[in-house]
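Everything on this sheet refers to the single structure shown next.
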Amino acid sequence: MSKQIFVNLPVKDLDRSKAFFGALGFSFNPQYTDAKAACMVVSDTIYVMLLTEPFFQGFTHKPVADANAVTEVLVCLSCDSRAELEGLVAKAVAAGGKAPRAPQDHGFMVQHGFEDPDGHIWELVYMVGEPPAQS
């Protein structure tokens, strides 16, 4: 059986976050979505739980990071093509996100990304070929 990953992210406005990620083409599993949380489907084994900040706070005694002020995590997704990578960044910007830096072409890999409305950083990579050999 394949392992699944559930990335949990705090959000200030759940409806805004659902609209943002819906504009990027992601769907939500209604079975695990309510007024406090939304289960965003990335793939058959990857899910992002968008949790309202008060609900998220119930899972930890530590303060919840403000992702607009500090970076608590970098979420990285692979893309099947450079066009998919560039398209996701364009959709994110059009939906209210930001592209804080220019794309990086490393030869074997193209990297770009965006910040969602809550400031979480989403890195996107397209693997063009094999990475350089390690010595």
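Could you look through the stretch 76-127, keep only residues that are assigned to a loop (DSSP other than H, G, I, E, B) and free of Cβ contacts under 8 Å to residues at least 40 places away in the same chain, and pick out the one that is surrounded by the fewest Cβ atoms within 10 Å (Cβ to Cβ)? Working first, answer last.
Taking the stretch 76-127 as the starting set, the residues that turn out to be assigned to a loop (DSSP other than H, G, I, E, B) are 79-81, 95-97, 99-103, 106-108, 116-120.
Then keep just the ones that are free of Cβ contacts under 8 Å to residues at least 40 places away in the same chain; that gives 99-103, 106-108.
Details: 99: 14, 100: 10, 101: 10, 102: 7, 103: 15, 106: 12, 107: 9, 108: 11.
So the residue we want is 102.
When 43, 27 are screened for being among the hydroxyl-bearing types (Ser, Thr, Tyr) and free of Cβ contacts under 8 Å to residues at least 12 places away in the same chain, only 43 passes. Here the condition is being within 14 Å of the chain's Cα centre (by Cα) and closer than 25 Å to residue 3 by Cβ; of 93, 73, it holds for 73 alone.
For the stretch 7-36, the set of residues classified as closer than 26 Å to residue 86 by Cα and surrounded by fewer than 11 Cβ atoms within 10 Å (Cβ to Cβ) consists of 15, 25, listed by residue number.
Bear in mind these aren't lab numbers, they're just calculated from the coordinates by the rules spelled out. Model, not experiment: these values are computed from the prediction. Methodologically, a virtual Cβ is constructed for each residue, glycine included, from the backbone with ideal geometry; neighbour enumeration extends over all protein chains shown.
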